[in-house]
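Note sheet for the following structure.
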Amino acid sequence: MGSDDLHKKRKVQTQADLQRKQQLREQHKRMLIVCEGEAEAKYFKAICAHYGWYKPHVVILCAGTDPSKLLELALAKYGNDNDFDVIFCVFDKDTHKHYKDTIDKIGELRVDSKAPIDIHAITSVPCFEYWLLLHFVDTMKPYYHKPKKSLSDQLIAALKAEGCRYRKGAADTFEITKAHLNLAIERSKRIYKQQQKDGFDNPSTRIHELVEYLLQFK
């Protein structure tokens, strides 16, 4: 096969690839991602920008509050604009009082016999920074609240110990971790499955579920 023929073949494959991705995206025309904090919101905005997800396909909001209020915001947004095909609620367990209640409510909304909503709880225990740590180290070390050091601070210290220059709420979080993304997904999936089997959740995260959802269209 000559170089011209090979070039034409690759061009056809590329066009077919783009059409396939467009068709996949149209299956879920719009998604709503509501995050507890700015750190998560900026992280997912960076992923979407990197892989070409833009409005109106995806809307990302920061609730800046506890899980129950986050869910209220998600449902209010959905109520005003129910053209969203799927909703992701991204929040930490941390020390939140309504963490489990919110997960249970999301589960009920998914199976509502009258008007089920495709809504997902994307949780992290103890917090989002555990997902980031899995990019650098395979660990199941549990974390507990300390009077003078928050759970988030403990995870940030662990990240720095691994050489990660993470700054909470910075816009470059995805950029400085993306090289190890596949490794983090692999670790996160395995650890979450093991913790579910053993009846534990500290530590664990479901961030990989949302990341993989986005990556299937890249």
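Observations, loosely collected:
- Extreme residue, nearest to TYR54 (Cα to Cα), among residues of segment 184-200 that are in contact with a Phe, Trp or Tyr (Cβ under 9 Å, 6 or more places away or on another chain) and surrounded by 13 or more Cβ atoms within 10 Å (Cβ to Cβ): ALA184
- Each residue in segment 163-180 was checked for being assigned to a loop (DSSP other than H, G, I, E, B) and closer than 24 Å to LYS45 by Cβ, and 9 of them qualify.
- Scan segment 95-117 for residues that are modelled with pLDDT under 95 and of a type in the set (Asp, Glu) and the total you get is 1.
- Verdict on ALA158 being among the small types (Gly, Ala, Ser) and assigned to a loop (DSSP other than H, G, I, E, B): no
Here's the yes/no breakdown for (1) modelled with pLDDT of 60 or more; (2) in a helix (DSSP H, G or I); (3) under 30 Å from SER152 (Cβ atoms):
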{"site": "MET1", "(1), (2), (3)": "no, no, no"}
{"site": "ASP4", "(1), (2), (3)": "no, yes, no"}
{"site": "ARG10", "(1), (2), (3)": "no, yes, no"}
{"site": "GLN13", "(1), (2), (3)": "no, yes, no"}
{"site": "GLN19", "(1), (2), (3)": "yes, yes, no"}
{"site": "GLN23", "(1), (2), (3)": "yes, yes, no"}
{"site": "GLU26", "(1), (2), (3)": "yes, yes, no"}
{"site": "ALA46", "(1), (2), (3)": "yes, yes, yes"}
{"site": "LYS55", "(1), (2), (3)": "yes, no, yes"}
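- Verdict on CYS89 being part of a helix (DSSP H, G or I), touching a residue at least 40 places away in the same chain (Cβ under 8 Å) and surrounded by 18 or more Cβ atoms within 10 Å (Cβ to Cβ): no
- Among the conditions (1) more than 19 Å from the chain's Cα centre (by Cα); (2) surrounded by fewer than 19 Cβ atoms within 10 Å (Cβ to Cβ); (3) under 25 Å from GLU212 (Cβ atoms), the only one that ALA171 does not satisfy is (1).
- Members of segment 100-123 that are assigned to a loop (DSSP other than H, G, I, E, B) and either charged (D, E, K, R) or exposed (fewer than 11 other Cβ atoms within 10 Å of the Cβ) (or both): VAL111, ASP112, SER113, LYS114, ALA115, ASP118
- Residue in segment 114-134 that is closer than 20 Å to LYS168 by Cα, touching a residue at least 24 places away in the same chain (Cβ under 8 Å) and more than 16 Å from the chain's Cα centre (by Cα) present: no
- Residue within segment 135-149 that is touching an Asp or Glu at 6+ places or on another chain (Cβ under 8 Å), in a loop (DSSP other than H, G, I, E, B) and surrounded by fewer than 17 Cβ atoms within 10 Å (Cβ to Cβ) present: yes
- Residues being among the hydrophobic types (A, V, I, L, M, F, W, C), over 17 Å from CYS127 (Cβ atoms) and touching a residue at least 40 places away in the same chain (Cβ under 8 Å) - total across segment 34-74: 5
- Some residue of segment 127-138 being touching a Lys or Arg at 6+ places or on another chain (Cβ under 8 Å), aliphatic (A, V, I, L, M) and modelled with pLDDT of 95 or more: yes
- The set of residues in segment 193-213 that are under 16 Å from VAL90 (Cα atoms), assigned to a helix (DSSP H, G or I) and either at pLDDT below 95 or over 12 Å from the mean Cα position of the chain (by Cα) (or both) contains only TYR213.
The values are calculated or read from the model by the stated rules, or taken from the named source; none is laboratory data. Everything quoted here is computed from the prediction, not taken from an experiment. Because the Cβ atoms are built from the backbone with ideal geometry, glycine has one as well, and the counts that use them run over all protein chains shown.
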